[in-house]
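**Q** Take a look at this one; I'll ask things after.
The values are calculated or read from the model by the stated rules, or taken from the named source; none is laboratory data. Since we're looking at a predicted model, the values are computed, not measured. Positions of Cβ are backbone-derived with ideal geometry, glycine not excepted, and every protein chain shown enters the neighbour counts. These area figures cover heavy atoms from the full protein model, side chains too; ligands, DNA and RNA do not enter into them. Shrake-Rupley method; radii C 1.70, N 1.55, O 1.52, S 1.80 Å.
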Amino acid sequence: MSDILQSLPIFLALVAALLNLVRRQWSLNLIALFVQFICLFPVLLKVLPLQLALIHPFTGLMVTLILYLTLVGVGGIKSIDLRRPLTSGEIFRGLAGFFLIATLRAFLPHFQEAVFPMASSNHLFLSLGLILIGLLQLGTIREPFYLAIGVLTFLSGFELLYSELEFSYLLEALLVAVNLLLAIVGAFFIVKNAESEPA
């Protein structure tokens with residue numbers, strides 16, 4: 001039972017990242033992004049003190065709030081339609097994401113032994129999974145909102161990986177600033193993209 005509870009945040013974070021990769025519904029994507037940030041807290045709590053582990057979900061809340069207010073401003077927040085059928089692009093991204101995660105899981109023991117022998121397998125799986133999903137998102141979409149989500153997902157994976165290996169107050173502060181700046185830059189390009197669209 002304890003193993004299931006320990007794996008639940010990892011599973012939820014990866015599902016949220018995959019949902020952002022596949023679906024194109026802004027309201028749903030914002031919820032998934034927030035869930036992704038929140039689910040990293042119990043994972044970080046295993047390697048960091050409580051006060052430091054709280055930084056990441058708090059940053060995620062601020063980032064999500066910035067993007068939400070921007071999307072409200074451009075009229076992009078609509079009711080979630082879960083019954084909308086998947087497009088061919090969404091199916092492709094879903095299969096590609098699932099293949100990446102399955103491949104990572106298969107080769108993780110060898111990779112962990114060769115490169116990160118001191119890291120726990122669950123921590124390493126989640127961090128590398130987020131990095132790969134973030135890179136896949138960046139390579140398959142050009143909309144500013146989803147590019148921002150892709151970079152934020154990649155940075156979350158990197159921050160998890162670094163926290164397992166070593167902790168630096170300076171780098172943590174830098175990553176918080178980068179996350180907030182990315183949200184602001186993403187908000188700027190969302191507004192600019194909305195203004196350039198024909199009425």
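**Q** Across region 88-100, what is the number of residues that are of a type in the set (Val, Ile, Thr) and surrounded by 19 or more Cβ atoms within 10 Å (Cβ to Cβ)?
**A** So the answer is 0.
**Q** Name the single residue, out of those in region 124-146 being among the small types (Gly, Ala, Ser) and modelled with pLDDT of 90 or more, that is farthest from Glu113 (Cα to Cα).
**A** Ranking the candidates gives Gly134 first.
**Q** Here are Leu108, Leu104, Leu126: which of them is open to solvent by less than 20 Å² (accessible area, probe 1.4 Å), assigned to a helix (DSSP H, G or I) and either touching a strand residue (DSSP E or B) at 6+ places or on another chain (Cβ under 7 Å) or over 15 Å from Ala16 (Cβ atoms) (or both)?
**A** Every option except Leu108 fails the conditions.
**Q** For region 158-193, which positions are more than 18 Å from the chain's Cα centre (by Cα), open to solvent by 30 Å² or more (accessible area, probe 1.4 Å) and more than 15 Å from Ile55 (Cβ to Cβ)?
**A** Selection gives Leu165, Glu166, Phe188, Phe189, Val191, Lys192, Asn193.
**Q** Among the numbered conditions (1) among the polar types (S, T, N, Q); (2) part of a helix (DSSP H, G or I); (3) more than 20 Å from Leu128 (Cβ to Cβ), tell me where Ser79 comes up short.
**A** (2)
**Q** Which of (1) out of contact with any Phe, Trp or Tyr (no Cβ under 6 Å at 6 or more places or on another chain); (2) more than 22 Å from Gly139 (Cβ to Cβ); (3) not basic (Lys, Arg) is the odd one out, the single condition Gly60 does not satisfy?
**A** Here Gly60 clears every test but (1).
**Q** Just for helices (runs of 4 or more DSSP H) wholly inside region 1-74: which have at least 1 residues that are modelled with pLDDT of 90 or more and surrounded by fewer than 19 Cβ atoms within 10 Å (Cβ to Cβ)? Lay out the reasoning, then the answer.
**A** Working: elements: 2-22, 26-44, 50-53, 55-73.
Correct list: 2-22, 26-44, 55-73.
**Q** Within the bounds of region 157-168, is there any residue that is in contact with a helix residue (DSSP H, G or I) (Cβ under 6 Å, 6 or more places away or on another chain) and free of Cβ contacts under 8 Å to residues at least 40 places away in the same chain?
**A** Yes: region 157-168 contains one or more residues that are in contact with a helix residue (DSSP H, G or I) (Cβ under 6 Å, 6 or more places away or on another chain) and free of Cβ contacts under 8 Å to residues at least 40 places away in the same chain.
**Q** Taking region 129-157 as the region of interest, how many residues are open to solvent by 40 Å² or more (accessible area, probe 1.4 Å) and over 14 Å from the mean Cα position of the chain (by Cα)?
**A** 4
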